Amino acid sequence: MRIIIADRDSTERVGIKWLINSYSMKFNEVCLVEDARQFINEFEKSEPDILILELEMFSTNSWEIILRKVENYQGVIIAITTEAIFERAWQAIQLQAVNLLVKPLLPEKLKESLEKSIKKLSNFKEKPIHLENKDENYRYYQSLMIETEVKFSNDYKGMMIIKPEYPDDLKELYKYINEYIFMETPVVLLFSDYIVCLFSVFEMDKLYIDSTRFISNSIKLLNGGVFISIDSINKVEDSLHACYMRCIQTLKMVFYKGYTQVMQASEFPSFEEFDPLLNSEEQRIWIKMLEGENLIPIKNWLYEKFTNFPNGYPEPELIRISLTSILAQIRRHMKSYRLEKNQALEEQYQNIFNIVLNSPVLFKVVQELLLFIDKILEQVKTQQKNTQNDFIELGLRFIDEHFSRTDLNLIVVADYVNKSPSYFSYVLSQRTSQTFQQYLTNVRINKAKHLLSTTSLSIQQISFSIGFSDPNYFSRVFKNQTGVSPSIWKNQMFI
């Protein structure tokens, strides 16, 4: 097998190659590329079995070229990114990637994705031949995939596509179908993710009964459920390809209906238009709900948005983008409390991001998202409680937020944390090795440095904005802290 690793960072490329070698995966060639042009050249030279693509490598212009290149690609794509945001999620969906991994890459996640990719390739390449006549078997596959001059419409009147919940069940399912007694023996064709059955005699009611009976019996054998799409070829101008495309489109309803279902393609509604991004009002609602630390309104909002579709179902990919837009709000909330520093929560965030992109059933995605949000809210509550108990941390935060007040002093801060000035001052000096006045002065001078280097404000304006009522006194304090006057410091910054 051949694999291309496309990443701008040489250490990432070499690291991924090293991990692949350490896993003893049987790749005949591991090709490393560092930019879009080099990737296109290698891809055109010989299509690889697996692609590992860093999404940030491609500009807007080169992205359109890449999409055209991989449009008919038969291999497997693993996308990687430095940003867990919905734009990257949408790009991964456009590529039909099996996974989107977020840097820094976790070795076990990469290994899991590679093993999944190899298994998917194996399932595709190991299609058993059902018919003795291999040429005829090929024509069946061809007639399903494209419109051909060879017409089987007169021979076959019904189609059933069976998709297992877990890919590992596919081979067992194929064996079971060939042994199963349908009302009529079908032609059975194996694909990488599902199985197609063709029936020469067809009655919708009977096929529906056959399908429900098959589901009931297969539950005992498989690890998960199956979703079955059925349709008829009942028009002279109809074809196997047209029927196949209707059934494939119907399989997308797994996302909304779940498994252990039978659905007629004729009942499949066309997908409705849907704006996947949160509008400004919805963003404000999410900020308010997260700050409110109450899971109930969040649960109600998600259920209303993602379990009730009175105007029809959108494309599943658009729902996934909408969910990543919500994840972006959650991410901002996490950062406001520095929860991204919590390794366990960060790993859970990366996991829920992958669930949103790859989990086949929407209801399960929503449930996992709610569980994650609940953990975030509980962690915020715990952190706030700890902060309240730590009056020094609370006082320092108050100073950092209110240093511009000219009346800010030890008494004001001690009163805010409900401690005596002497006790607060003593504990502060023990904790920071600074007096109250030293800490406040450092905060103000650091802010002054920032304003001097990034704005055109006058020294007088800066002194007022950081809590000094006398510009001359500010200049003396600044020189005492830095060794130079504010004007000299500013000039040095712009030399």
Lys, Arg +1 and Asp, Glu -1 on Cβ, resulting dipole of the stretch 350-495 about Cα centre, debye, nearest 20
360 debye
Would you mind classifying the chain by shape? Square roots of the alpha carbon gyration tensor eigenvalues, ordered a ≥ b ≥ c; an a/c under 1.5 is rounded, otherwise it is prolate if a/b is larger than b/c and oblate if not.
prolate
Place a point 7 Å from the Cα of Arg37 along the Cα-to-Cβ direction; which residues of the stretch 45-70 have their backbone N under 14 Å from it?
59, 62
Rounded to whole Å, give me the distance from the Cα center of the stretch 277-307 to that of the stretch 350-396.
14 Å
Taking 0.36 nm per intervening residue step and subtracting the Cα-Cα distance, what contour gain separates Lys69 from Glu315 on full extension?
86.2 nm
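Can you work out the FRET efficiency for the pair Asn308 and Glu267, with r the C-beta to C-beta distance and R0 = 25 Å, to the nearest 0.05?
Numbers: r = 19 Å, r/R0 = 0.76.
After rounding, the FRET efficiency stands at 0.85.
So if each residue of separation counts as 0.36 nm, and I subtract the Cα-Cα distance between Asn491 and Val427, what length gain in nm does that give?
Details: separation 64, 0.36 × 64 = 23.04 nm, distance 3.91 nm.
Additional length available on full extension: 19.1 nm.
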With both bridge residues required to lie in the chain, what share of the DSSP beta bridges run antiparallel, to the nearest 5%?
40 percent
Simple SL model, points at 7 angstrom along Cα→Cβ for Phe274 and Met145; separation in nm is 3.0 nm
Longer than 31 Å from Cα to Cα, which of Lys385/Lys479; Lys163/Lys335; Lys175/Lys257; Lys299/Lys385 are they? Say none if no pair is.
Lys385/Lys479; Lys163/Lys335
Helix 391-402 against the longest principal axis of the chain: what's the angle in degrees, Cα atoms only, rounded to the nearest 10?
80 degrees
For helix 471-482, what angle does its Cα long axis make with the longest principal axis of the chain, in degrees from 0 to 90 and rounded to 10?
70 degrees
Once amide hydrogens are built 1.01 Å from N within the peptide plane, the residues lying 5 or more places from Ile80 or on another chain with amide H under 5 Å from its amide H are Leu53, Glu54, Leu55, Leu101
Can you tell me the 0 to 90 degree angle between the C-alpha axis of helix 343-358 and the longest principal axis of the chain, rounded to 10?
30 degrees
Length gained, Arg332-Gln379, 0.36 nm per residue minus C-alpha separation, equals 15.4 nm
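Every number here is computed from the coordinates shown, using simple stated rules; none is lab data. These numbers come from a predicted model, not from an experiment. No Cβ is skipped: glycine too gets one built from the backbone with ideal geometry, and neighbour counts run over all protein chains shown.
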